[in-house]
Amino acid sequence: MDAFLTDRETAPLTIRPRRLRRTASLRRLVRETRLDPAQLVLPVFVRTGANVRIPISSMPGVAQTSIDEMLRDASAAAESGVGGVILFGIPDTKDEEGTGAWDEYGAVQQGIRALKREFPELVVIADVCLCEYTSHGHCGMLRDGIVDNDATLPLLARAALSHAQAGADIVAPSDMMDGRVAAIRVGLDAAGHQDTAILSYAAKYASAFYGPFREAAESTPKTGDRRSHQMDPANGDEALREVALDIDEGADAILVKPAGPYLDIVRRVKDTTGYPVAAYQVSGEYAMLQAAAERGWLDGDRAMMESLIGIRRAGADFILTYFATTAARLIRRGWE
Ligand code: PBG
């Protein structure tokens with residue numbers, strides 16, 4: 001120990017990492033990861049009607065909106081360079097099968113058409129799941145209280161087809177049924193929608209961080225939970241198997257969700273597949289940061305930007321985040 005200290009005192013300090021941190025220009029020059037507004041996707045919650053904007057209490061700044069109001073939000077997003085939007089629907093009525101999920105005149109289908117008409121440059125992604133549309137709040141058909149995997153597949157394929165027909169660029173199944181990517185791919189191709197891409201929520205964990213979303217989407221299961229199909233937070237190797245299956249079935253891009261607590265999964269998926277990888281910074285991650293910022297416990301802007309750059313650094317090519325427009329604006333104004 002003494003010898004070490006003596007060496008340090010006498011030897012010249014030739015390697016000084018601080019040299020390249022000295023000025024903003026130097027830091028900019030050697031920065032490894034960048035965040036571009038085009039890599040951000042804004043989730044929106046649409047319902048029918050006009051002039052409707054219902055704030056979601058656990059997600060300050062986020063609301064359920066009718067299509068006209070959603071278009072205002074999309075316009076702000078597009079103006080700040082946000083890459084895309086992902087739509088979730090709140091149907092007027094729900095039933096056992098979730099038939100609203102493939103209603104040609106459903107809020108999502110109408111929203112997709114309106115978005116493609118008004119903002120053709122925005123990538124339009126449609127979330128594919130039944131939980132917002134079923135009376136019981138589960139992601140598929142129930143049989144004896146269990147989500148019936150194989151009976152759910154054709155329903156998901158039907159929902160995805162209705163999104164493709166409305167003009168979605170990408171459909172994103174978030175249900176975690178086995179075999180749904182293949183079912184959706186076959187259904188889309190048979191109807192001539194070979195060019196609609198599939199972003200698979202391949203590694204979606206049974207997470208407590210979806211709490212605020214379920215308020216936003218009115219999709220809390222009436223009984224039980226989603227642990228029979230969403231992944232165990234303790235598992236990483238299994239995520240890679242899920243991802244491999246979905247790629248085999250025809251997924252074009254992979255999504256990991258949530259983002260923050262699963263950055264190791266983002267990195268492993270990127271390294272093993274080389275596929276485009278997205279990460280979803282979910283409602284609970286957003287709510288935590290907003291709540292702390294509101295109380296003055298964190299600098300909201302800095303914590304937001306750090307959380308996003310961390311997700312990019314872990315290997316995500318693009319990020320689904322409720323901060324999309326806010327972050328894009330900051331980036332446009334020269335934030336670093
Ligand atoms: C299912 C779905 C969920 C989320 C996105 N798609 C909720 C769930 O699995 O219960 C959560 C997103 C978020 O928390 O922001 N349709």
Interatomic Cα distance distribution for the chain, bins of 20 angstrom, percent: 30, 55, 11, 3
Spatially near lysine pairs across the range 34-332, Cα under 20 Å, sequence gap of 8 or more or different chains: 4
Extension gain, THR272 back to ALA151 (0.36 nm per residue minus Cα-Cα distance, nm): 40.4 nm
Protection-proxy order for peptides 16-27, 222-233, 239-250, 315-326, each taking the mean of Cβ atoms within 10 Å per residue, highest first: 315-326, 239-250, 222-233, 16-27
For the chain, size of Cβ-based charge dipole, Lys and Arg +1, Asp and Glu -1, in debye: 1680 debye
Whole-Å distance, taken between Cα centres, linking the range 277-336 and the range 82-115: 26 Å
Zone residues, the range 39-66, relative to TRP335, backbone N less than 19 Å from point 7 Å out along Cα-to-Cβ: 39-44, 59-63
Relative contact order (%) - the range 189-336, alpha-carbon pairs under 8 angstrom, separation at least six: 25 percent
Rounded to 5, the percent of DSSP beta bridges in the chain classed as antiparallel: 15 percent
Gain upon complete extension [THR93, ALA206; 0.36 nm per residue less C-alpha separation]: 38.1 nm
Relative contact order (percent, whole number), the chain, Cα cutoff 8 Å, 6+ residue spacing: 18 percent
With 10 Å bins from 0: P(r) over the range 48-156, alpha-carbon pairs, percent: 14, 40, 32, 13, 1
Förster-model FRET efficiency, 56 Å R0, ASP178 and ALA11, C-beta, rounded to 0.05: 0.40
Additional length obtainable on full extension of the chain from VAL186 to ARG227, 0.36 nm per residue less Cα span: 12.0 nm
Span-like helix ranges in the chain, DSSP H, alpha carbon extent 24 angstrom or more, Kyte mean at least -1.0: 149-166
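Coordinate-derived values only; no laboratory data. Since this is a predicted model, take the numbers as computed values, not measurements. A quick note on method: Cβ atoms are made from the backbone with ideal geometry, for glycine too, and the neighbour counts reach across all protein chains shown.
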